[in-house]
Structure formats: structure tokens, C-alpha cells
Amino acid sequence: MSVDKATVARIASLARIHMEDAELERMVPELNGILEWVEQLGEVDVTGIEPMAAVIPNSLRLRDDVVDADPRTGGGRRADVLANAPVAEHGFFGVPKVIE
């Protein structure tokens, strides 16, 4: 796959980034280099290798998710908290839709 100036301009437009012609020209070889590197990764034989999220084994150290029912420390007061909300829906704060 190869990227040309028009493709870079289209990507910049979609990302809402203003780029001058000189910047577009400079980005063409950089993006082509990145795509070539990705194609090289596709050529690596990975049969028998387990997918992993990190190079080293790790585990999250999390505490138990327990709701404190003591109203003095903030637990068990959903109705009181939602009484201050302009709009409450199904036990949560209602917010306006922000997706166009």
C-alpha cells in the first residue's frame, strides 16, 4: 500500500488538522515508511506464539469493590445525591447526548 499527497490531505481533513502543502509532502514518505514497517511485521512467522498484552507477566492489584453502607462516609445515599441532579434516569445522572 502506498500513500500519496491526496491521501495525506484526506487523513488530515478527517483529523481536522490544517496542513500546508510542504507539510503534506513531508508526511508522504513518513507514512509510507510506517506502512512498510507494518507490512514487515505481517511477514513474521508467529505460529505457536500466544497473543499477549504485555511483554512481562503482570496482574492488577485491586481491592474488593465494596460499597460502604455507612451514610456518614458516603455510601447508601444515592437518592440524596440524585436529588441535586437536574435530570436523573434509572438511578444515574442524565446527561445530554453529545454524539453528532
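Checking every residue in segment 26-45 against the condition of being out of contact with any helix residue (DSSP H, G or I) (no Cβ under 6 Å at 6 or more places or on another chain) and at positive phi gives zero matches.
Scanning segment 7-43 for residues that are of a type in the set (Lys, Arg) and more than 23 Å from the chain's Cα centre (by Cα) returns a single hit, 26.
Quick one: is residue 61 over 23 Å from the mean Cα position of the chain (by Cα), basic (Lys, Arg) and over 30 Å from residue 2 (Cα atoms)? So that I can check it myself, show each step before the final result.
Working: over 23 Å from the mean Cα position of the chain (by Cα): no; basic (Lys, Arg): yes; over 30 Å from residue 2 (Cα atoms): yes.
Here the answer is no, as residue 61 does not meet what is asked.
All of the numbers you see were taken from the coordinates with simple rules; none came from a lab. This is a predicted model, so every value here is computed, not measured. Counting neighbours? That spans all protein chains shown, and the Cβs are built from the backbone with ideal geometry, glycine included.
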